[in-house]
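Data first, discussion second: the structure below is written as structure tokens.
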Amino acid sequence: MSDAQNPAVGNGSSSTPSGGIHESPTSCWDELVSSLNAIKSRENFASVKTYPMAVNPVIEIDKSIITLPLTTSGADIIKRSVVGNADNASEGAMDPSTQGTWKLHHKNFKIKNPDWPTFLELLLDDAVKSLDIPSPSELQPFELILIEQSASPQAGEDM
């Protein structure tokens with residue numbers, strides 16, 4: 001049987017109950033894209049941009065230097081600091097519901113690269129323009145968050 005005779009092979013058209021032929025509807029993906037593009041809102045809610053020449057923040061924790069990409073030894077430094085630091089314990093950093101997630105309060109690490117603030121301002125400016133929102137008057141680190149690849153899906157939900 002040829003493809004033209006095989007009812008399992010679509011040809012872009014289908015029969016109507018009366019025997020007539022009509023074009024098949026657009027795919028569900030086309031409809032989804034069309035629907036998303038039709039959403040009218042006053043502001044955007046997400047922004048994505050890549051930076052091929054991103055600045056490495058160079059993080060200092062307990063006199064140890066951590067650079068990106070993060071290594072196992074760098075992750076271990078973060079974990080030890082979280083476990084051994086009272087500032088973090090009071091903020092739920094070791095909450096069992098976030099197993100595999102390590103949060104380090106900003107008072108417990110330093111960004112050492114002097115180029116980092118300028119790069120962070122660039123990121124902020126790009127996001128503010130893309131989202132069409134007012135720029136905050138100040139930009140400060142809050143937490144350093146490490147999420148293990150094996151962490152549960154709920155681990156990062158309340159960040």
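Of all the residues that make up the range 49-71, how many are touching a helix residue (DSSP H, G or I) at 6+ places or on another chain (Cβ under 8 Å) and surrounded by fewer than 12 Cβ atoms within 10 Å (Cβ to Cβ)?
Selection size over the range 49-71: 3.
If residue 91 satisfies every condition in (1) charged (D, E, K, R); (2) modelled with pLDDT of 90 or more; (3) in a loop (DSSP other than H, G, I, E, B) but one, which is the exception?
With (1) charged (D, E, K, R); (2) modelled with pLDDT of 90 or more; (3) in a loop (DSSP other than H, G, I, E, B) applied to residue 91, the lone miss is (2).
Please work out if residue 49 is at pLDDT below 95, of a type in the set (D, E, K, R) and not in a helix (DSSP H, G or I). Before the answer, list the steps.
On the way: at pLDDT below 95: yes; of a type in the set (D, E, K, R): yes; not in a helix (DSSP H, G or I): yes.
Spelling it out, residue 49 is indeed at pLDDT below 95, of a type in the set (D, E, K, R) and not in a helix (DSSP H, G or I).
Filter the range 111-139 down to residues that are outside any loop (DSSP other than H, G, I, E, B) and either closer than 18 Å to residue 57 by Cβ or touching a residue at least 24 places away in the same chain (Cβ under 8 Å) (or both), then give me how many there are.
To start, the set of residues in the range 111-139 that are outside any loop (DSSP other than H, G, I, E, B) comprises 111, 116-131.
Then drop every residue that is not either closer than 18 Å to residue 57 by Cβ or touching a residue at least 24 places away in the same chain (Cβ under 8 Å) (or both), which leaves 111, 116-127, 130-131.
Result for the range 111-139: 15.
Identify, please: which residue in the range 115-154 is β-branched (Val, Ile, Thr) and open to solvent by 50 Å² or more (accessible area, probe 1.4 Å) and is, among those, farthest from residue 105 (Cα to Cα)? Working first, answer last.
If we filter the range 115-154 for residues that are β-branched (Val, Ile, Thr), which is where we start, we get 118, 128, 133, 145, 147.
If we keep only those that are open to solvent by 50 Å² or more (accessible area, probe 1.4 Å) too, we end up with 118, 133, 145, 147.
Values: 118: 22, 133: 27, 145: 9, 147: 15 Å.
Going through the qualifying residues, I end up with 133.
The values are calculated or read from the model by the stated rules, or taken from the named source; none is laboratory data. Since the structure is predicted, the reported quantities are computational estimates derived from the model, not experimental observations. So basically every Cβ, Gly included, is an ideal-geometry build from the backbone, and we count neighbours across all protein chains shown. SASA here: full protein model, heavy atoms, side chains in, ligands and nucleic acids out. Shrake-Rupley method; radii C 1.70, N 1.55, O 1.52, S 1.80 Å.
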